[in-house]
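Participant: Here it is: the structure, laid out below.
The values are calculated or read from the model by the stated rules, or taken from the named source; none is laboratory data. It should be emphasised that the depicted structure is a prediction, and the values quoted were computed from it without experimental measurement. Cβ: placed from backbone, ideal geometry, glycine included. Neighbour counts: every protein chain shown.
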Amino acid sequence: MNVLHLTLSYSSGGRREAIATLVDGLNALGVGNHLGCLETFGCAADKRSMYAGSFSLGRRGLFDLAALRRLGAYCNEHAIDVIHAHDAASEATAALALPWRGPSLLMTFHRSRDFETARFRDRVRNALVGLRVSAVVTASEERRRHFIERNYGAKGKVSCIPLGIDLARFVPDPERRARIRRRVGAADGTLLVGTIGHFGVDKGVDLAIGAFQDFLRRRPGRDACMVVLGSGSDAQARALRGLVAPEFADRIVFAGFHPDPETWFPGFDVFLHGARREAFGLVLAEAQACGVPVVAARVGGIPEVVADGQTGCLAPQATRQALADALDSLVANESVRRDCAGRAIDHARRHFNRDRYAEAYLQAYQGR
């Protein structure tokens, strides 16, 4: 079987991580994988080395006839059996390029926001394209319900396949733990809280920073510091740094963007995630696999990823006060935090296994 993964671009982020992990698993199952980008790749060539072939269309719009012909020709030349679209634009482009014949078409709905379902015309487009699509897959039941509620069409085509992670990559590692803690100046007894995300509104890095400072004000004697990993525009970075009170300037470290979060997670004692919206929360699965309990809000697909009271603590809403309460609750008793850390590893291995993820998609490709 040959699968073409079609997406807007392959730039860094959670979507690329989800696609790459799936492709690794499918490669192990003997599936041939190809990558197509509607616009530009947005990444270096080595990031595409796992694919049997890759191309960018550089399309100028939905009805770019030359781009549509190139897509159809690629599918014919490489005997593509399934087009796996990873966004609504890719789904629509594939349906226009091959409206009545050719590979079967499946779409994964990755969005945490309503961009692809918000307007009436979006829903009409989805319904029309849905006539060509054999299946729509979401990463969480919350997103599955959202897609069904906001769209017209066959509900029976929409299913949920939770994301998977590379469990050989995301593991507890004492050497990495020691190295990261030395790097940020955290002693053995220091509570090291980590947060990771784009500096935009949705990922709530501002809420995580605010909640951590509220926690420090409640526990003035607590030896604790925070590491912030991620990036954004210059204005977003300045705004986040401006949230740090002078008295906590030496306890919150902005470490920038790093493409290897697996080297950072083992150093954390708690992962604090302030997301206001989250379709799944891949970073939460990765943290738990490394033995890091999670504090986050009960939004989107997060309750399906974090077992509240077992592998972390979920706040009822995404506010700095609620997140500070949850952080305080989790770390109030060190034995409770350690128990959560141990259960987090088992939880991740049981529920977010890459092989399970790939096998479920292979069955979806085969129409089972």
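Participant: Return yes when Thr40 is farther than 16 Å from Ala88 by Cβ, among the hydroxyl-bearing types (Ser, Thr, Tyr) and surrounded by 20 or more Cβ atoms within 10 Å (Cβ to Cβ) and no when it is not.
Facilitator: no
Participant: Right, something else. Can you say whether Asp24 is in contact with a helix residue (DSSP H, G or I) (Cβ under 7 Å, 6 or more places away or on another chain), in a helix (DSSP H, G or I) and on the phi < 0 side of the Ramachandran plot, as far as the supplied structure shows?
Facilitator: Judged against the criteria, Asp24 is a match.
Participant: Would you pick out the residues in region 328-368 that are acidic (Asp, Glu) and either in contact with an Asp or Glu (Cβ under 6 Å, 6 or more places away or on another chain) or in contact (Cβ under 8 Å) with a residue 40 or more places away in the chain (or both)?
Facilitator: Asp328, Asp355, Glu359, listed by residue number.
Participant: Go through region 140-180 and count every residue that is surrounded by fewer than 18 Cβ atoms within 10 Å (Cβ to Cβ), in contact (Cβ under 8 Å) with a residue 60 or more places away in the chain and among the acidic types (Asp, Glu).
Facilitator: Qualifying residue count for the region: 2.
Participant: Still on this structure, I have one more. If a residue must be closer than 14 Å to Ala208 by Cβ and out of contact with any helix residue (DSSP H, G or I) (no Cβ under 8 Å at 6 or more places or on another chain), how many such residues does region 289-316 contain?
Facilitator: Residues in region 289-316 being closer than 14 Å to Ala208 by Cβ and out of contact with any helix residue (DSSP H, G or I) (no Cβ under 8 Å at 6 or more places or on another chain): 1 in total.
Participant: For region 121-160, which residues satisfy the criterion of being at pLDDT 95 or above and either over 23 Å from the mean Cα position of the chain (by Cα) or assigned by TED's automatic domain parsing to the domain that holds Gln288 (or both)?
Facilitator: None - no residue of region 121-160 is at pLDDT 95 or above and either over 23 Å from the mean Cα position of the chain (by Cα) or assigned by TED's automatic domain parsing to the domain that holds Gln288 (or both), so the list stays empty.
Participant: Quick check on this structure: which one of Gly58, Gly30, Gly42, Gly102 is in a loop (DSSP other than H, G, I, E, B), in contact with an Asp or Glu (Cβ under 9 Å, 6 or more places away or on another chain) and either closer than 30 Å to Gly300 by Cα or not basic (Lys, Arg) (or both)?
Facilitator: Being in a loop (DSSP other than H, G, I, E, B), in contact with an Asp or Glu (Cβ under 9 Å, 6 or more places away or on another chain) and either closer than 30 Å to Gly300 by Cα or not basic (Lys, Arg) (or both) holds for just one of Gly58, Gly30, Gly42, Gly102, which is Gly58.
Participant: Here's a check for you: in region 10-37, which residue that is small (Gly, Ala, Ser) and at pLDDT below 95 is surrounded by the fewest Cβ atoms within 10 Å (Cβ to Cβ)?
Facilitator: Gly13
Okay, residues lined up against (1) under 27 Å from Leu96 (Cα atoms); (2) crowded, with 17+ Cβ neighbours inside 10 Å; (3) in contact with a helix residue (DSSP H, G or I) (Cβ under 8 Å, 6 or more places away or on another chain); (4) touching a residue at least 12 places away in the same chain (Cβ under 8 Å):
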site: Thr138; (1), (2), (3), (4): yes, yes, yes, yes
site: Leu191; (1), (2), (3), (4): no, yes, yes, yes
site: Gly200; (1), (2), (3), (4): no, no, yes, yes
site: Ala208; (1), (2), (3), (4): no, yes, yes, yes
site: Arg219; (1), (2), (3), (4): no, no, yes, yes
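Participant: From the residues in region 239-297 that are charged (D, E, K, R), part of a helix (DSSP H, G or I) and without any contact (Cβ under 8 Å) to a residue 24 or more places away in the chain, which one is nearest to Thr138 (Cα to Cα)?
Facilitator: Arg241
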